[in-house]
């Protein structure tokens, strides 16, 4: 594995023309929000880039992230980019299993020490390591071990990035995110449940092209893809601006494609590229299909109130609080009223009429 | 407690707090619009005269003693303090710079009856000994001598004699069973005695029986002006006793704002019951007599006149229409001042300010507002129906050296009323001639 | 960033005007020293209507080409010779990238040495 | 790890909202009982007019400024009127606000165009700024103003500005929305404990004022 073919050779072997490659670089450049004039540089970098070794670890996850990255029909950006890397370990995708698989991982880690790319999906159970092990190795141990020699770590999916569903209240496994364990290395988070394939490959392309990581925000997300909210980029935004909202999933507003805010769309508080890159090769995204964004790429999204409650609407039932507060108000009010009545009565009974003789006779 | 004190003042204020006060105090957002309604602010430009500031003493009592937060704050020693110094400072605001005219009450966007609050606050000022000297003197004379100017019985008797001589109509005093009992304002007895002649003529013509009680002929109630319900009650009680003793159908409140307020609106509440007689203002009665066709007019006043609405009978008293209904009968050239009617400006001397010598300079200064109103219409004569307004305006016109006669409405009615020639004695004309 | 959406803020001035100025400069530069320029349309603050007005202003040129290279791409020359609109489509037909290129011919249109070599070799094998 | 502001927003939507509504209801009920339990002595003077109709009349007539006042203090009077109606429309007719009310109380009504609300917000905030300037400059208002007057001004302006920012995507949405919700909650919670109580007692104060006048046969 030491002498991996470079991308240029891979492309030629696959019958991709130069035009196809240029086209790929142009779309990639646009996707990564680089200046259009950078396209030739991207092409140049990709041509000569050695295929880096990639180790993909899957912990407490549902394989949705892997499904997402593989479920794109060829030939596509995703397909192309996967030919640009050497996926040395991915226990769902690799042919090898058992000891052979683990041996491949260890071999790759040793051979590419300090150079391989570590991709993680799924959260890590710290409550009881027994909840998730691979070949008898706890997720935490495997992650720490693999992270040591990694050139970069990419946490793919909301579970790896933020703990995701396993961490949802009451977090029975004590799940944590990758960055909660790995604190001495930059971790790129690509949240989403699952993340958009093009976003994953876009980050890989960036790594390949520039031999480094893209600009990250304070939550470790590539700004290029997570800089705007779904709402910012939503094609239904004009309806929001006009105050036209669907009130139900089958009402007139829904049929007319009005804003889904009132149906609980989390677009305004969700940062992702769904509204621009879309899903299934740009076919659609949830809002276009008539369902509000559920905010799956946000930390703790599962605990952020009902999926069908507007983002600013109360999440708590106020009835008991309101009842208690009103009752307390009545209690306090009646008490104060009683005190007031008493003091007025007392004052009235104690007061003596003012006489003219007293007027100028100030004490 | 035998002497007035801050504690006694606070107690008196406490008794003034009711749901309306609590609602008012909860509503003020310090918008300051009331300042523009108050001639003490508009004529001096000094923001301290803003009516809102006059809420402060009662506000503090309410806050400290009638709200949960205030009670807690007081317990923690953080309550708003009410001290002698504080009340000293507010004395000027409550007495010298408020005529209880009620314009601020009309202007407040959230509906605070500031005037009522000032009236209530005076109760506390009285009980704490923060009353202007002039009012103390007037109150003492009223309680001990029968009227704010002392015992006016001799003066009244002289006025009656003069009237009888002038009109030839006898005035029956202390006559039990008369329909109406007339009370007078001290200012009328002393300054405008012709009013008795007017009453005589009008009632004679209209066939109304009336009397004057020698026990209670004083209508002015200094207790209301000074703001002491105890003193006010004593004075109202005199009138009530006399009227009920004489078994009159109604007492006629004179052309005097506070006399009307005292007897008509505050009196029953002061003595804690409704009277056995009605209270009717002379202007209302005249208006009624005209409507019933019992008095008619023989001509109209030709020169240009304007009418000054007294605050207490008009805005605060409820007589919005009668004065102008009467004027329509007797005048052919009535011009209205700016803001006339419901929004009329005060003469500057109501609410006890006129009796408070300390406020003389301020009172004269704020008359500028009335002066501007008058300058706007330039009347030949000014008509009003309040002896106090009349007195204040005459004094101020003198001060500003303006030559403008001030007439009483009832006297004008008598002058233009059609009388049965046969019954009019020749002596009347002779006496009138002498007067002129 | 509301600029990409139908109907939003339409008619608020003429934002395409500044893009036309930029294109004018780019064309001048091409004439002066052969320097080529590329503008990524998705980065322009233009709404759909603005874009339509921009394309109207540029007009229709003489060349229209469709390229099938790992997906469909189109190249259209505008009424201003040397100004090209290049679009790359996904298999579902949505636009992956759209650029305005100011050059003699867009790179994607040209035959590349690598491909020419492959073609020559292929042709050579057939002739052999 | 949490999106900045998300914890705050979640707290505001849950516990914060409960606290705000709780404090508000407690305070409002307390204050209303405190006020009205003081009652009024029955007036035994025979009435000349009707107190109830006078009271009801004044509740409505006070929407119209006193004659001549608008010309005298245009910024304050016209500004004040527009501000109050602006606030009313923004609070109760912005569709997302109606959604909150619907989710909380189960009642809803049609909203008005968000673009109109957006413009109204700019206008309302501008008027608030003008009113602040008036408060700082006008001798009477400055003289009357204390800390609380400025405090409730800020209390009112923050939800308006943050709401505008949230709607127009100025600044980080989640944080801005969290600030918007929290500041609105603070405003709601403090209504019964500040001069903002006038939002309720204006009705009773005007009624009392008008009723006293109505009983005397005059108008107020």
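Each reported figure results from applying straightforward, stated rules to the coordinates on display, with no laboratory input. This one's a predicted model, so the numbers in the text were calculated from it and none came from an experiment. Counting neighbours? That spans all protein chains shown, and the Cβs are built from the backbone with ideal geometry, glycine included.
Against the empirical 2.2 N^0.38 Å scaling, what ratio does the C-alpha Rg of the stretch B:89-194 come to? Let's see the in-between values first.
Numbers: Rg = 19.1 Å, N = 106, 2.2 N^0.38 = 12.9 Å.
Scaled against compact globular proteins, the figure is 1.48.
Counting every pair of alpha carbons in the stretch A:287-363, the share spaced more than 18 Å apart comes to 71 percent. Over the stretch A:124-195, the hull volume per residue, using the convex hull of the C-alpha atoms, is 82 Å³. Considering only B:255, B:357, B:218, the Gaussian network model of chain B with Cα springs below 10 Å gives its largest mean-square fluctuation to B:357. Orientation-averaged projection of the stretch B:305-416 equals 6.5 nm² [convex hull of Cα atoms, one quarter of hull surface area].
Return B:258, A:91 ranked ascending by Cβ neighbour count within 10 Å, so the fewest neighbours appear first.
On the way: B:258 30, A:91 18.
By the 10 Å Cβ count, ascending: A:91, B:258.
Given all pairs of different Cα atoms, what value in angstroms does the Kirkwood hydrodynamic radius of chain A take? Here the Kirkwood hydrodynamic radius works out to 23.9 Å. Only Cα sites of the stretch A:203-325 enter the Debye sum here, all with the same form factor; the resulting log10 I(q)/I(0) across q = 0.11, 0.23 1/Å is -0.46, -1.31, listed in q order. Residues of the stretch D:15-49 with an amide N closer than 17 Å to a point placed 7 Å from the Cα of residue D:107 along the Cα-to-Cβ direction: D:25, D:29.
Determine the relative contact order of chain A: mean sequence separation of Cα pairs under 8 Å and six or more apart, normalised by residue count, in whole percent.
On the way: 591 pairs, mean separation 47.1, N = 363.
Normalised by residue count, the contact order of chain A is 13 percent.
Based on the Cβ-Cβ distance of residue D:154 and residue B:81, what FRET efficiency does E = 1/(1 + (r/R0)^6) give at R0 = 30 Å, to the nearest 0.05? Walk me through the numbers on the way to the answer.
Details: r = 28 Å, r/R0 = 0.92.
With a Förster radius of 30 Å, E is 0.60.
Across the stretch D:70-165, the mean sequence separation of Cα contacts (distance under 8 Å, 6 or more residues apart), normalised by length, yields a relative contact order of 29 percent. The C-alpha atoms of chain B define a longest principal axis, and helix B:282-291 lies at about 50 degrees to it.
The calculated FRET efficiency for residue B:276 paired with residue A:343, based on their beta-carbon distance and R0 = 51 Å, is about 0.90. Restricted to Cα atoms, chain D shows a radius of gyration and a Dmax of 20.2, 73 angstrom.
What does the convex hull of the alpha-carbon atoms of the protein assembly as shown project to on average, in nm²?
Values: hull surface 245.4 nm².
In nm², the orientation-averaged hull projection of the protein assembly as shown is 61.4.
Seen against the Cα atoms of chain D and their longest principal axis, helix D:51-61 is set at about 50 degrees.
Can you tell me how the stretch B:1-150 classifies by the Cα gyration tensor, rounded, prolate or oblate, using a/c under 1.5 as the rounded cut?
In terms of gyration-tensor shape, oblate.
Checking the a/c ratio against 1.5 first, then a/b against b/c, what shape does the Cα gyration tensor give for the stretch A:98-144? Oblate, since a/c reaches 1.5 and b/c is not below a/b.
Could you give the Stokes-Einstein D for the stretch B:158-230 in µm² per second, using the C-alpha Kirkwood radius, 37 °C, 0.692 mPa s? All intermediate terms of the calculation are to be shown ahead of the outcome.
Numbers: Rh = 13.1 Å.
Roughly 251 µm²/s, to the nearest whole number.
Put in line by how crowded their Cβ is, counting other Cβ atoms within 10 Å and starting with the fewest, D:194, D:218 read D:194, D:218.
Rounded, prolate or oblate: which fits the stretch A:162-233 when a ≥ b ≥ c are the square roots of the eigenvalues of the alpha-carbon gyration tensor, with rounded for a/c under 1.5 and prolate only if a/b beats b/c?
Values: a/c = 2.17, a/b = 1.43, b/c = 1.52.
In terms of gyration-tensor shape, oblate.
Legend: translational diffusion of chain B by Stokes-Einstein, Rh = Kirkwood radius over C-alpha pairs, 25 °C, 0.890 mPa s; D = 109 µm²/s.
Can you give the helix-only mean residue ellipticity at 222 nm for chain A, where every DSSP H stretch with n ≥ 4 adds -39500 (n - 2.57) and the sum goes over all residues, rounded to the nearest 500 deg cm²/dmol?
Numbers: 17 runs with 150 residues, N = 363.
So the helix-based figure for chain A works out to -11500 deg cm²/dmol.
Across the stretch A:6-138, how large is the tail of the calculated P(r) beyond 18 Å, expressed as a percent of all Cα pairs? Mind showing how you got there, number by number?
Working: 5540 of 8778 pairs.
Value for the stretch A:6-138: 63 percent of Cα pairs lie more than 18 Å apart.
Quick one: check the C-alpha center-to-center distance for the stretch B:81-113 versus the stretch B:149-177, whole angstrom. Cα centroid to Cα centroid, the span is 40 Å.
Rank A:14, A:105, A:271 by mean-square fluctuation in a GNM of chain A with C-alpha springs under 10 angstrom and give only the top-ranked residue. Maximum fluctuation in the GNM of chain A, among the listed residues, is at A:14.
Exposure proxy check: A:183, B:283, B:44, C:78 ranked by fewest other beta carbons within 10 Å?
Values: A:183 7, B:283 28, B:44 16, C:78 21.
Taking fewest neighbouring Cβ atoms as first place, the list is A:183, B:44, C:78, B:283.
Taking every DSSP beta bridge that has both ends in the protein assembly as shown, the antiparallel portion is near 40%.
Pair-distance distribution of the stretch B:185-274: all C-alpha pairs, bin width 5 Å, starting at 0; shares per bin in whole percent are 3, 14, 23, 25, 20, 10, 5, 1. Taking label points 7 Å from Cα along the Cα-to-Cβ direction, residue A:47 and residue B:176 give a separation of 13.3 nm.
Applying D = kT/(6 pi eta Rh) to the stretch C:16-127, where Rh is the Kirkwood radius over alpha-carbon pairs, T corresponds to 20 °C and eta to 1.002 mPa s, the Stokes-Einstein value obtained is 139 µm²/s.
What FRET efficiency do you get for residue D:75 and residue B:404 if R0 is 30 Å and r is their Cβ-Cβ distance, rounded to the nearest 0.05? Working shown, then result.
On the way: r = 38 Å, r/R0 = 1.26.
After rounding, the FRET efficiency stands at 0.20.
Centroid-to-centroid, using Cα positions, the stretch A:329-363 and the stretch D:82-145 are 41 Å apart.
Mind checking the angle between helix A:39-48 and chain A's longest principal axis? C-alpha axes, 0 to 90 degrees, to the nearest 10. Approximately 50 degrees, to the nearest 10. Here each label is just a point 7 Å from Cα along the line to Cβ, and for residue A:12 and residue D:53 those points are 10.3 nm apart.
Pairwise Cα distances in the stretch B:143-300 exceed 23 Å for 33 percent of all pairs.
Using C-alpha pairs under 8 Å with a sequence gap of at least 6, the mean separation divided by the residue count of chain B gives a relative contact order of 17 percent.
Taking A:191, A:353, A:35 in turn, the Gaussian network model of chain A (Cα-Cα springs below 10 Å) assigns the largest fluctuation to A:353. DSSP bridge analysis restricted to chain A gives an antiparallel fraction near 30%, rounded to the nearest 5. Once you reduce the stretch A:132-182 and the stretch A:288-306 to the center of their Cα atoms, the two points are 22 Å from each other.
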